[in-house]
1. How much length is gained if the chain between ILE131 and THR100 is pulled fully straight, taking 0.36 nm per residue apart and subtracting their Cα-Cα distance, in nm to one decimal?
2. When you take every Cα atom in the chain, what is the radius of gyration, and what is Dmax, the widest Cα pair distance, in Å?
Amino acid sequence: MPEKVENATPGEAPKEAPDAAFVTRFRTRMPDKVARSFDEEQLRAIVSAFGTRRWKRHSLDLRVTIPFLGRHFYFVVLGGPERRSPVRRQADRASHPLATLGNAIFAITFLGSLLVSAFVVLYLIKSVLGIDLNNQYSLGLFADLKYQLDLLLN
């Protein structure tokens, strides 16, 4: 391998098969002696097992890299119709369990942020509507927001 595609037009150089790039990358990841030891049948089997995977687009595809304390962390959200077979879904559940320390920390942080944001929004709505739950105490969020808006608009 790489194979040449036979249906090239006369006068045009034959094109390499679509999986030739995969075979080239595959061979560069090992010592030359090992890379040269594969015969055509072995390379075809490797391509059929690993090289023909085609990624499909997702309906929801959000990928973000966040710099934090001198390091970069990535965050990926993918969504769309389920295309995996039941066997593959079960294998994915086994190899990527939901109950991990990282997932727990993320869930607690996300839900905590959501709860604090909801509290602030509800507090501001309460203040806009003029509802006083305790006449002797106020967080001052609404007064500060009003002051900031007055500065911004005047």
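Coordinate-derived values only; no laboratory data. What you see is a predicted model; the values in this text were computed from it and never measured.
1. Working: separation 31, 0.36 × 31 = 11.16 nm, distance 4.28 nm.
Computed gain between ILE131 and THR100 is 6.9 nm.
2. 28.8, 91
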